[in-house]
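Enquirer: Would you mind keeping the following structure in view while I ask a few things?
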Amino acid sequence: MADRPPPLDRLVNLDFEASCYPSDGRSFPIEVAAVRLADDAARAWLIRPHAKWATWTWDEAAAAVHGLTREQLARDGLPAAQVLAELAAFVAGLTVVSDSESDAGWLDTLSGAAGVPPPFAIGSSAHVLKLLGITGQTQADETWQRADAVARAHHPQAHRAEPDARRGAEIIRLVARWNGFA
């Protein structure tokens with residue numbers, strides 16, 4: 001990213017949900033969503049578990065939090081290559097950001113299952129906040145928590161990709177507005 005904030009209309013906030021936390025085992029993506037800040041358009045995809053992931057970790061506690069089962073993903077999820085192609089088309093030409101470093105790993109995993117390199121990079125929403133004038137870890141944490149509290153009132157559902165991506169997009173918009181960028 002540049003040394004100044006990217007225009008908000010050039011940003012996409014992305015969120016993955018996964019089979020478990022990376023610290024709990026070998027995780028794979030089960031859902032992904034992206035929200036374009038310019039028009040608030042959102043897309044979400046359930047991901048059919050790839051055969052490569054058959055022995056990877058499936059955490060029943062994580063499944064309960066997401067409200068998704070392996071059977072539902074096998075039935076309703078789309079193949080990795082299709083999800084990746086549709087996601088890449090949805091975010092084409094835009095700057096993709098996420099509030100979790102794990103999302104880049106899940107993009108790599110999805111791309112690996114599709115047999116292609118990741119079609120875009122995922123930047124840090126923390127970096128965007130810094131470019132919006134939020135300096136220092138304490139200020140960043142306090143600003144993020146304040147914006148998150150406001151955003152959660154509008155998007156209370158958690159641990160599903162689209163509501164989480166919408167909440168992240170709203171946090172960026174709020175911080176931008178609070179700092180005179182929107």
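Enquirer: Kindly indicate whether any position in region 44-60 is under 23 Å from D148 (Cβ atoms) and at pLDDT 95 or above.
Expert: Residues of region 44-60 under 23 Å from D148 (Cβ atoms): 44.
With at pLDDT 95 or above added as a condition, the list becomes 44.
Yes, the conditions are met somewhere in region 44-60.
Enquirer: Can R160 be described as in contact with a strand residue (DSSP E or B) (Cβ under 8 Å, 6 or more places away or on another chain) and among the basic types (K, R)? Show your work before the answer.
Expert: Numbers: in contact with a strand residue (DSSP E or B) (Cβ under 8 Å, 6 or more places away or on another chain): yes; among the basic types (K, R): yes.
When the stated conditions are applied, R160 passes them.
Enquirer: Considering only residues that are loosely packed, with under 15 Cβ neighbours inside 10 Å and within 15 Å of R167 (Cα to Cα), which ones fall in region 126-145?
Expert: Residues of region 126-145 loosely packed, with under 15 Cβ neighbours inside 10 Å: 127, 135-139, 141-142, 145.
Q145, the sole residue that qualifies.
Enquirer: Go through region 133-142 and give me each residue that's out of contact with any helix residue (DSSP H, G or I) (no Cβ under 6 Å at 6 or more places or on another chain) and closer than 16 Å to R173 by Cβ.
Expert: The answer is G133, and nothing else.
Enquirer: If you don't mind, there's one more thing I want to ask. Can you name the strands (runs of 3 or more DSSP E) wholly within region 27-141 that have at least 2 residues being among the aliphatic types (A, V, I, L, M)?
Expert: Ranges flagged: 29-36, 42-46, 95-98.
Enquirer: Just checking, which of A140, A165, A149, A176 is at pLDDT below 90 and under 16 Å from V35 (Cβ atoms)? Steps first, please.
Expert: Working: A140 fails: under 16 Å from V35 (Cβ atoms); A165 fails: at pLDDT below 90; A149 fails: under 16 Å from V35 (Cβ atoms).
Of the residues listed, the single one that is at pLDDT below 90 and under 16 Å from V35 (Cβ atoms) is A176.
The values are calculated or read from the model by the stated rules, or taken from the named source; none is laboratory data. Since the structure is predicted, the reported quantities are computational estimates derived from the model, not experimental observations. FYI the Cβ positions are ideal-geometry reconstructions off the backbone, even for glycines, and counts take in every protein chain you see.
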